[in-house]
Amino acid sequence: MPRTPIQLPTNIEYLSILDENAQIDKQLEPILSTADLKRMYHFMLLARRADERMLKLQRQGRIGTFPQSLGHEAISVGAASAIGSSDWHVPAYREFSGMLLRGWPLETLLLYWGGFEEGARPPDGVNDLPYCVPVASQLLHATGIGMAMKIAGDKKVVLTFFGDGSSSEGDFHEALNFASVFQAPVIFVCQNNQFAISVPLSRQMHCATLAQRAVSYGIPGIRVDGNDILAVYAATKEAVDRARQGLGPTLIEGLTYRTTAHTTSDDPKKYRSPEEEQLWSSRDALIRFRRYLADRGIMDESARISLEAEIEQEIKEAVRKFEEAAGDKELLNPLHMFDYLYAETPEFLERQRNELQQFLASRSAGPGRMEAKSGESAGRDP
Amino acid sequence: MAEMNMAKAINKALGEAMAADERVIMLGADVGVNGGVFRITEGLYARFGEGRVIDTPLAESAIIGTAIGMAIYGLRPVAEIQFAGFDYYNYHQLESHAARFRNRTRGRITVPMVMRAPCGGGIRALEHHSESREAIYAHTPGLKVVIPSSPRNARALLLSAIQDPDPVIYYEPKSLYRAFKEDVPDQPETLPLGQARVVRSGSDITLISYGASLRPTLEAAEQLQEEDGVSAEVIDLLSIVPLDTVTIVTSVKKTGRAVVVHEGPRSCGIGAEVAARINEDSLLYLEAPIKRITGYDVPIPYFSKEKYFLPDADKILQAARQTLSF
Ligand SMILES: Cc1ncc(C[n+]2csc(CCOP(=O)(O)OP(=O)(O)O)c2C)c(N)n1
């Protein structure tokens with residue numbers, strides 16, 4: 001009578017389909033067309049090469065601090081491939097590859113990291129929110145979008161992302177609770193790269209997996225090999241199908257590793273070993289996926305080489321467009337800082353705008369003392 | 001005396017406070033093993049151990065909420081929020097609890113703690129990494145707000161903040177962390193909270209600023225001297241709460257003119273409060289309206305345009321000239 005165990009659904013699974021040696025589990029292999037598979041690889045590789053290029057741009061001061069996404073491509077692209085363009089995609093800041101796949105031009109994302117608000121404007125027709133820096137806060141927006149879809153009777157879903165560290169924020173738990181209580185069509189994907197800057201996973205949670213957090217919200221949860229794009233895709237697809245049928249949210253944990261620094265201002269040598277980094281580099285998602293595509297005869301070595309060349313061209317062109325935009329006088333015009341704060345600019349703000357305009361005019365009319373001092377060419381001022 | 005930058009001076013103060021009083025502990029994300037994302041807590045984990053330099057999970061509300069509990073139980077927590085742009089997550093804990101315990105328990109329960117956070121722009125940082133929203137805290141009765149402007153006063157003010165019996169928001173202008181060095185005395189020194197400093201004396205106009213804006217303000221004062229033969233007095237507020245009305249008003253009574261300078265947005269900002277205090281206590285001494293050179297009422301722009309948002313010497317100079325020729 002007094003004490004009986006309560007039976008709780010705790011069937012948290014780990015899913016791996018394509019292992020680090022490129023061995024495939026035929027039973028679990030998802031059905032994807034050749035075009036789909038090629039598209040997935042294209043965006044993984046584009047993100048990887050663009051990331052490498054951006055590191056150089058950052059070191060040369062042409063863009064600012066940014067978080068590389070090496071090690072996160074399979075989760076981002078795998079999950080984003082499981083939703084349609086009328087579904088919504090709500091990223092954090094490591095979903096570079098998935099954003100490219102969703103239709104964000106590379107030059108737009110470069111503008112974001114290059115210090116321009118224009119980089120946060122989703123392209124027309126792309127149902128995405130921009131990068132979100134305050135961690136876990138976007139999960140509540142995704143939940144609200146999902147709730148609104150349900151209210152509207154739309155058969156759409158929302159896919160949203162966060163890091164392991166971010167799961168310690170109240171916003172994460174509140175989002176899961178709301179989404180489950182209201183059975184909102186939201187797929188929460190954790191990019192568990194085992195570190196939040198220097199803080200290891202063991203300092204974020206006192207339980208074995210992130211996936212099991214789902215249990216206490218009464219929703220399905222699963223851990224997948226985050227370097228296995230087929231597993232990520234398959235798990236997300238299942239969750240998307242459930243959500244579309246009105247069966248509510250899912251929590252997916254992709255286990256991976258951030259093989260580079262947290263951002264370009266971080267030094268991981270302070271908190272982890274090169275051996276560990278090496279081990280995880282050997283589990284790289286691109287290597288095994290490339291072998292899978294070769295084994296299936298979808299992409300042979302010469303096709304891969306020409307894809308590399310195509311991507312190099314694509315990046316070159318995007319960087320050129322970015323630099324052109326970043327040097328554009330109109331885009332650099334500081335008066336634009338006042339343009340979008342309200343639907344209609346109130347009088348007090350109009351006054352501040354005029355004040356800045358007059359100041360800039362007086363300065364360029366003056367002896368140019370300021371320009372000379374700050375070491376900038378007068379040409380950059382409007 | 002040893003020359004050091006502000007980052008080192010704050011680190012020194014933290015070490016001194018922890019060595020002097022074992023109730024002082026630190027907590028925050030990345031403060032331990034990593035030594036802080038700006039290296040402010042470097043070496044403290046090795047020196048004082050993980051029991052006193054605590055790497056926490058990533059949750060600002062929990063960092064401040066638990067610091068409040070620790071303070072209530074008798075510790076003297078110094079909590080780090082990685083960037084001021086993220087301290088909205090914990091604002092509720094400060095407003096609803098840290099700021100109120102003494103008052104609502106009629107002095108029985110108190111919260112002697114410090115929240116440190118890097119604030120301000122000017123380092124080409126990402127979105128949400130350049131905010132100056134000290135006015136929010138200044139508008140929260142029960143909190144003190146301190147913003148240093150140099151290595152030496154950073155060290156002295158932090159020691160005072162940690163010893164203070166009430167919750168203190170200690171904002172560190174991150175563009176100053178490594179901007180310049182200054183002699184810092186070897187022996188611990190404190191500065192009273194609530195006291196501004198006249199850092200340049202003058203007779204024609206009063207320029208009032210604090211934090212990172214102090215440097216361009218001083219630069220403008222020098223230019224006024226050189227180019228216009230105008231003698232500007234410069235006040236460094238150091239404490240935003242309590243605000244040192246006496247020092248401000250005494251100066252304005254002498255000069256009859258004032259310009260207030262800060263990075264935070266203008267409306268309902270610190271400049272508005274300073275102007276109100278001047279009006280209340282010295283209106284009839286004024287020869288011209290008080291001017292404000294501040295951030296505009298927009299989110300600080302991404303870094304390609306942030307310099308146009310920030311106060312600079314030219315803007316201050318122009319405002320001072322307008323005030324002088326009113
Ligand atoms: C609310 C908030 N606090 C602090 C930060 C600073 N910050 C940026 S990334 C990060 C670590 C996040 O770790 P995790 O969620 O695991 O994601 P990862 O960066 O590893 O992908 C921190 C603390 C932030 N962006 N937002």
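Comparison of B:E280, B:E227, B:E222, B:E273 shows that the only residue that is of a type in the set (D, E), assigned to a helix (DSSP H, G or I) and within 18 Å of the chain's Cα centre (by Cα) is B:E273. The single residue among B:P173, B:P192, B:P216, B:P188 that is more than 29 Å from B:R257 (Cα to Cα), of a type outside the set (A, V, I, L, M, F, W, C) and either assigned by TED's automatic domain parsing to the domain that holds B:P242 or in contact with a helix residue (DSSP H, G or I) (Cβ under 9 Å, 6 or more places away or on another chain) (or both) turns out to be B:P188. When the criteria are applied in full, A:I75 meets the requirement of being assigned to a helix (DSSP H, G or I), touching a helix residue (DSSP H, G or I) at 6+ places or on another chain (Cβ under 7 Å) and at pLDDT 95 or above. Considering the stretch A:268-282 alone, what residues qualify as being outside any helix (DSSP H, G or I) and away from chain B (no Cβ under 14 Å)? Residue satisfying the conditions is A:S282 alone. Residues that are of a type in the set (A, V, I, L, M), in contact with a Ser or Thr (Cβ under 7 Å, 6 or more places away or on another chain) and not in a loop (DSSP other than H, G, I, E, B) within the stretch B:177-201 comprise just one, B:V198. Suppose the filter is among the hydrophobic types (A, V, I, L, M, F, W, C), in contact with an Asp or Glu (Cβ under 9 Å, 6 or more places away or on another chain) and more than 12 Å from every other protein chain (Cβ to nearest Cβ); does A:V135 pass it? No.
In the stretch B:28-51, which residue that is touching a residue at least 24 places away in the same chain (Cβ under 8 Å) and within 14 Å of the ligand (Cβ to nearest atom) is nearest to B:M70 (Cα to Cα)? Across the stretch B:28-51, the extreme among qualifying residues is B:G28.
Only one entry in B:I25, B:I54 is more than 16 Å from the ligand (Cβ to nearest atom) and either surrounded by fewer than 21 Cβ atoms within 10 Å (Cβ to Cβ) or within 23 Å of B:A154 (Cα to Cα) (or both), namely B:I25.
Looking at A:G170, A:G153, just one residue is within 16 Å of the ligand (Cβ to nearest atom) and of a type outside the set (V, I, T), and that residue is A:G170.
Each row is one residue, and each column tells you yes or no for (1) in contact with a helix residue (DSSP H, G or I) (Cβ under 8 Å, 6 or more places away or on another chain); (2) closer than 29 Å to A:A92 by Cβ; (3) open to solvent by 10 Å² or more (accessible area, probe 1.4 Å).
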position: B:S96; (1), (2), (3): no, yes, yes
position: B:F101; (1), (2), (3): yes, no, yes
position: B:G107; (1), (2), (3): no, no, yes
position: B:R124; (1), (2), (3): yes, yes, yes
position: B:L143; (1), (2), (3): yes, no, no
position: B:I147; (1), (2), (3): yes, no, no
position: B:N153; (1), (2), (3): no, no, yes
position: B:A161; (1), (2), (3): no, no, no
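Please go through the stretch B:277-321 and pick out each residue that is more than 11 Å from every other protein chain (Cβ to nearest Cβ) and polar (S, T, N, Q). Once the filter is applied, which keeps residues that are more than 11 Å from every other protein chain (Cβ to nearest Cβ) and polar (S, T, N, Q), the stretch B:277-321 yields B:N279, B:S282. Between A:A234, A:A303, A:A211, A:A239, the distinction of being away from every other protein chain (no Cβ under 14 Å) and free of Cβ contacts under 8 Å to residues at least 12 places away in the same chain belongs to A:A303 only.
Candidates A:A239, A:A235, A:A231, A:A214: the one that is within 28 Å of B:G28 (Cα to Cα) and more than 16 Å from the ligand (Cβ to nearest atom) is A:A214. Only one of the numbered conditions (1) more than 21 Å from A:A184 (Cβ to Cβ); (2) more than 14 Å from chain B (Cβ to nearest Cβ) is violated by A:D87, and that is (1). Residue count for the stretch B:70-120, restricted to those that are in contact with a strand residue (DSSP E or B) (Cβ under 9 Å, 6 or more places away or on another chain) and either within 13 Å of the ligand (Cβ to nearest atom) or assigned to a strand (DSSP E or B) (or both): 19. For the stretch B:66-84, the set of residues classified as crowded, with 18+ Cβ neighbours inside 10 Å and farther than 14 Å from B:Y170 by Cα consists of B:A67, B:I68, B:M70, B:A71, B:L75, B:R76, listed by residue number. Just checking, how many residues over the stretch A:73-95 are within 20 Å of A:T143 (Cβ to Cβ), of a type in the set (D, E) and within 16 Å of the ligand (Cβ to nearest atom)? Residues flagged as within 20 Å of A:T143 (Cβ to Cβ), of a type in the set (D, E) and within 16 Å of the ligand (Cβ to nearest atom) within the stretch A:73-95 amount to 1.
State yes or no: is A:G98 crowded, with 20+ Cβ neighbours inside 10 Å, within 14 Å of another protein chain (Cβ to nearest Cβ) and within 16 Å of the ligand (Cβ to nearest atom)? It is false that A:G98 is crowded, with 20+ Cβ neighbours inside 10 Å, within 14 Å of another protein chain (Cβ to nearest Cβ) and within 16 Å of the ligand (Cβ to nearest atom). All of B:S239, B:S231 fail the test of being small (G, A, S), without any contact (Cβ under 8 Å) to a residue 40 or more places away in the chain and outside the structural domain of B:H129 (by TED's automatic domain parsing), apart from B:S231.
Just the residues that are touching a helix residue (DSSP H, G or I) at 6+ places or on another chain (Cβ under 7 Å), more than 14 Å from every other protein chain (Cβ to nearest Cβ) and of a type in the set (G, A, S), please, taken from the stretch A:143-172. Of everything in the stretch A:143-172, just one residue is touching a helix residue (DSSP H, G or I) at 6+ places or on another chain (Cβ under 7 Å), more than 14 Å from every other protein chain (Cβ to nearest Cβ) and of a type in the set (G, A, S), namely A:G146.
Among the conditions (1) open to solvent by less than 50 Å² (accessible area, probe 1.4 Å); (2) away from chain A (no Cβ under 14 Å), the only one that B:E3 does not satisfy is (1).
Pairs meeting the criteria (first residue in the stretch A:346-366 and more than 9 Å from every other protein chain (Cβ to nearest Cβ), second residue part of a loop (DSSP other than H, G, I, E, B) and surrounded by 12 or more Cβ atoms within 10 Å (Cβ to Cβ), beta carbons under 7 Å, at least 6 apart or on different chains) are A:S364/A:D381. Looking across the stretch A:173-202, the residues that are within 13 Å of the ligand (Cβ to nearest atom) and either at the interface with chain B (Cβ under 9 Å from one of its Cβ atoms) or surrounded by fewer than 24 Cβ atoms within 10 Å (Cβ to Cβ) (or both) come down to A:Q194, A:F195, A:A196, A:I197, A:S198, A:V199, A:P200, A:L201, A:S202.
The values are calculated or read from the model by the stated rules, or taken from the named source; none is laboratory data. Small disclaimer: the values here were computed from a predicted structure and weren't measured. All Cβ positions, even for glycine, are placed from backbone atoms using ideal geometry, and neighbour counts span all protein chains on display. Keep in mind that these areas ignore ligands, DNA and RNA; they rest on the heavy atoms of the full protein, side chains included. Shrake-Rupley method; radii C 1.70, N 1.55, O 1.52, S 1.80 Å.
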